[in-house]
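The values are calculated or read from the model by the stated rules, or taken from the named source; none is laboratory data. Note that this is a predicted model, so its numbers are computed, not measured. Cβ: placed from backbone, ideal geometry, glycine included. Neighbour counts: every protein chain shown. Just the protein is used for accessible areas: all its heavy atoms, side chains included, with ligands, DNA and RNA removed. Shrake-Rupley method; radii C 1.70, N 1.55, O 1.52, S 1.80 Å.
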Amino acid sequence: MKITIPDISKQIYKEDVLNCLSEEYASLGPTWTSSQMQWVNGIYSAFKDHEKFLIVIYLIKKTLDFYSRNFTKITYEDFYQRDAIEIEKFSLVEITEKLSIPKESARRKVIELEKAMIIKRSKKKILVDRSSFTDIRPAESITRISRFLSSLSKIMVNRKILSNKIDSETLEKTIKDNFSYVWKLYYEMQIPTLLSYRELFGDLESWHIFGVCMVNQHLDLQKINSNKKERIEFINSLDSKMVKGINAMSISDISNIPRATVVRKLQKMVKQNKLTIDAKKHYKACNKFTRKLIPYQSNTFDHLAKFATSIYNISILGKKEDTYEVPFYLKEF
């Protein structure tokens, strides 16, 4: 019998990853924000309601926590072999406290999820039926995450944090082989992010719409700016006259949010000085407001660094060559 013996000296530390994310933001930030928005676009397309999805992933995370506590590792293929996943008992009070959703709203959304047959009760079991939202099976998210982490690993090699770049195929295999644990970490990163931005914007639809504007500016600034910039310097450059805005129709097409809702939220955010509008009716994030985002973004990047560090360490420390043959006389123990 062979067991894996991790080499402690090879492990990656969160602080090093966080420094890379901050100091190399000009190259990494646009890629990550774009990946996040693609994930959120898929959420809205499937649920038409951000908070319903928030409830669903919170319930699924409880199951992933259960697997982790009981040392159960489930691969991506095994996890999605069945449409339904059993979840632990929950209460409206719990949903209200953990997700900061008013009790009556939580009650209404849970009832709607039950009517849509997403949450089902079968005898003593409570199930989440994923067949209703197969479009957001996370295959594409895993691919995007793997590519991002591979790009980040290249920067870490240049900084002598890693000895070798980790290719996206290796990272994707790591995620899929350890899916139940990795996705628990993923939701532990995403749920606080959604909650903090909802607090700032008042609702997740407004944050989603604002995020599309920000991604547009990030990608545009990345095209016209070849210089390396750390995070705060890059953010302060977003209001450059060379950076283009985006119109309401494009935001609606990208986000899947109805145009009427987009227009209403845009107008409100312009009045709140979160967004600016030009003569062509193109929207951009207001620079003064983007500076207010910095502490929220710092919190998000702290969660992202923790997530990335875990994936790297699973990938690096779990290699087959780091094995030890257990002597036959110890096997019975």
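Observations
- Taking each DSSP H run with n ≥ 4 as -39500 (n - 2.57) and averaging over every residue of the chain yields -20500 deg cm²/dmol at 222 nm.
- Residue among Ser122, Asn236, Ser151 farthest towards the positive dipole end of the chain, charges placed on Cβ: Asn236
- Directionally averaged projected area (region 222-302, Cα convex hull): 6.3 nm².
- Both radii were evaluated on the Cα set of region 68-159; the Rg over Rh quotient, with Rh as the Kirkwood radius, amounts to 1.10.
- Å² of accessible area per residue within region 1-154, as computed with a 1.4 Å probe and no ligands counted: 53 Å²
- Charge dipole (debye, nearest 20) of region 108-199; +1 at Cβ of Lys and Arg, -1 at Cβ of Asp and Glu: 320 debye
- Here is the list for region 84-136: trypsin sites (Lys or Arg not before Pro) lying in DSSP coil, each with at most 13 other C-beta atoms within 10 angstrom of its C-beta, are Lys89, Lys123, Lys124.
- Only the Cβ atoms of Lys and Arg (+1) and of Asp and Glu (-1) were treated as charged; on that basis the dipole of the chain about its Cα centre amounts to roughly 960 debye.
- The GNM of the chain, with springs linking C-alpha atoms under 10 angstrom apart, assigns the highest mean-square fluctuation among Phe90, Phe133, Phe234 to Phe90.
- Here the spin labels are modelled as points 7 Å beyond Cα on the Cα-Cβ line, and at Ser27 and Asp302 they lie 2.7 nm apart.
- Contour excess over end-to-end distance, with Cα ends at Asp129 and Glu88 and 0.36 nm allotted per residue: 13.4 nm
- Tail weight of P(r) past 17 Å, computed on alpha-carbon pairs of region 44-115, percent: 50 percent
- Cross-link pairs beyond the 18 Å C-alpha cut-off, checked among Lys103/Lys123; Lys73/Lys125; Lys241/Lys280; Lys61/Lys124; Lys241/Lys288; Lys241/Lys284: Lys103/Lys123; Lys73/Lys125; Lys61/Lys124
- The overall shape of region 1-100 is oblate: from the C-alpha gyration tensor, with semi-axes ordered a ≥ b ≥ c, the ratio a/c is 1.5 or greater and a/b is no larger than b/c.
- Sparse packing (at most 12 other Cβ atoms within 10 Å of the Cβ) combined with a DSSP loop state is found for the following GluC sites (Glu not before Pro) in region 19-122: Glu88.
- In a DSSP loop and with at most 11 other Cβ atoms within 10 Å, there are no chymotrypsin sites (Phe, Trp or Tyr not before Pro) in region 153-228.
- Sites Glu114 and Lys268, calculated FRET efficiency, Cβ-Cβ separation with R0 25 Å, nearest 0.05: 0.20
- In percent, rounded to a whole number, the relative contact order of the chain is 31, using alpha-carbon pairs under 8 Å and six or more apart.
- Cα convex hull of region 111-260, projected area averaged across orientations, nm²: 13.0 nm²
- Backbone phi angles across region 62-72, fed through the Karplus curve with coefficients 6.51, -1.76 and 1.60 (θ = phi - 60°), yield HN-Hα couplings of 4, 5, 5, 4, 4, 4, 5, 4, 9, 6, 9 Hz in residue order; Gly and Pro are listed as x.
- Calculated FRET efficiency for the pair Arg159/Leu200, C-beta based, R₀ 30 Å, to 0.05: 0.40
- Convex hull per residue volume in Å³, alpha carbons only, for the chain: 152 Å³
- Using every pair of distinct Cα positions in region 22-178, the Kirkwood expression returns a hydrodynamic radius of 17.7 angstrom.
- Pair Glu77, Asp49: separation of 7 Å Cα→Cβ label points (nm): 3.6 nm
- Spin-label model distance (nm) - Ile277 vs Ser68, 7 Å beyond Cα toward Cβ: 4.4 nm
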